[in-house]
Amino acid sequence: MSEAQSAAVTQPTTWERLRELIAAGDADGLRDCLQALAATDVAHAISRLSTEERTALVVLLDPADAAEVIVDVPDSQAVELLGDMASVDAAAIVDELRSDHQVDLLTGLDEAESAAIIDEMDSDEAADVRLRLAYDSDTAGGLMVTEYLAFPEHLTVADVVDDMRRHGEQYSDYNVQYTYVITDAGLLAGVVPMRSLLLAGRSRSLGQLMIRDPLRVTTDADIDALIEFFDNHGFLGVPVVDAEGRLAGVVHRREIQEAQEHQVDRTFLESRGIVGGEELRSMSVGLRSRRRLSWLGLVVGVALTLNTIVAVSLGGSFRWCCAASTRIPPWPPARS
């Protein structure tokens, strides 16, 4: 065996390397190791660790780095990680997540765990999470993100651009396509495309640049209404307002597509007596059996129908061939 082959054999796998770094309490080494991996590789490596090792990993990391790990792993695994951590540690990580991801994970925990984490979060983040948790998950309020740019209409282009430069690191995580314009009472007044903002003179006010009375949806708009909206308009996002017309958030097209896919998957699973990949253990055996039997009955019925069609088709083809064969001259032709 060559020296290179020998080195390859003894080289630890990624998850083994992570295990060594966790045991050594090497936070810097963990961060460097994880940052060198693609998101799918991170998820695969962490899935090989024990529950205790996963928890130790995210606790060792800086909250911002731990949040990146939480985003990379499946939601079910992320929920388990947060539930196994001390509330104060979990809260520091959740503070770093995007608003829609915060809600997705917190709703996966039981109420006591979720409440304990929210109580430890930054006050502004906690207030935002509580507001969003009050909305149904399949409405605009439940699907919106609260990371957006909104400024009073009296501010100038110079004011806004200077603010964006001061908070560039924070805003870099936002999906900024538009700047929303609000009144002093927080009502949605207009929208300014980012291109218009950057090309306008610095002394012009947002009120002069904005597109007035833009299209919007309300927080209680359901998933069907949102799907119809994006089918009719080519926007990447739409502002969400509350009952009084105050800007509450933004729903992005991708969130609606993901919600629609989730809705289809859930309907598919429920038809088999399954939700979230697990049996409906809270159901009675009879109800669960009826759900499964109704689905199996449909499948069997379709299969029998298809078999009948195929059999009839083949039978007809066979009879045709038999009848036709009487008209086919012998081969080779008879000698005269």
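The numbers here are math on the coordinates, done by the rules we state, and not lab data. These numbers come from a predicted model, not from an experiment. Here Cβ is always computed from backbone atoms with ideal geometry, including for glycine, and neighbour counts include all displayed protein chains.
What the table shows:
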| quantity | calculated |
| --- | --- |
| Relative exposure of ARG31, ARG17, ARG195, judged by other C-beta atoms within 10 Å (fewest first) | ARG195, ARG17, ARG31 |
| Fully extended contour minus Cα-Cα distance, from ALA43 to ARG204, at 0.36 nm per residue | 53.2 nm |
| Where Rh is the Kirkwood radius over Cα pairs, Rg/Rh for the stretch 82-195 | 1.03 |
| For the stretch 1-140: Kirkwood Rh in Å [reciprocal of mean 1/r, alpha carbons] | 16.1 |
| 5 angstrom amide H check on ALA150, placed H, neighbours 5+ away | TYR180 |
| Virtual spin-label span in nm between MET194 and TRP15, 7 Å along Cα→Cβ | 3.8 |
| Residues with amide H under 5 Å from that of GLY249, placed H, sequence gap 5 or more | VAL240 |
| Size-normalised alpha-carbon gyration radius of the stretch 150-252, reference 2.2 N^0.38 Å | 1.10 |
